[in-house]
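Notes follow the structure.
All of the numbers you see were taken from the coordinates with simple rules; none came from a lab. Here the structure is a predicted model, which is why all the values come from computation and not from measurement. When we count neighbours, we look across all protein chains shown, and the Cβ atoms used for this are built from the backbone with ideal geometry, even at glycine.
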């Protein structure tokens, strides 16, 4: 008999989640050649994620399992008044393709509808192909637009979006 494993629990992020969130993102970045997490120089918001997202009229969630942060996602106001931007969707490698990424996206999409917005947009590193499959499977379209971040990871990001003008996702 296989012992039951705790299902990840999703909750609002707290500033005290910094170490676990950083550990999750470092582990994801380590899967890709050249990806470097520079918290102090490029991602200082990870140190006070709740405070930073609240100050920017956003919301951020983490998924926990057995005391460890195994997933994350956030939203912030997007490029116009009808848009939210999905930020920092990360799922631990061992939990991918088990529905956690979709659960986090459903939460973000529900937030979009609750706020009366109609469009979700996101930018994703071109190396993150697992995430791109998740976005496509949820109806997001990739545009030809890309942007270079000029960061330590030499990131090139692709633009994705989905319209929810019909209401609930």
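Which of the following residues is surrounded by fewer than 17 Cβ atoms within 10 Å (Cβ to Cβ), under 21 Å from residue 101 (Cβ atoms), over 15 Å from the mean Cα position of the chain (by Cα) and in contact (Cβ under 8 Å) with a residue 40 or more places away in the chain: 6, 42, 64?
Exactly one residue qualifies, and that residue is 6.
Quick check: is even one residue across segment 149-156 touching a helix residue (DSSP H, G or I) at 6+ places or on another chain (Cβ under 8 Å) and surrounded by 13 or more Cβ atoms within 10 Å (Cβ to Cβ)?
yes
For segment 96-106, name all the residues that are touching a strand residue (DSSP E or B) at 6+ places or on another chain (Cβ under 6 Å) and either surrounded by fewer than 16 Cβ atoms within 10 Å (Cβ to Cβ) or closer than 22 Å to residue 141 by Cβ (or both).
Once the filter is applied, which keeps residues that are touching a strand residue (DSSP E or B) at 6+ places or on another chain (Cβ under 6 Å) and either surrounded by fewer than 16 Cβ atoms within 10 Å (Cβ to Cβ) or closer than 22 Å to residue 141 by Cβ (or both), segment 96-106 yields 101, 104.
Could you pull out every one of the strands (runs of 3 or more DSSP E) wholly within segment 107-169 that has 2 or more residues that are without any contact (Cβ under 8 Å) to a residue 12 or more places away in the chain?
Hits in segment 107-169: 141-148.
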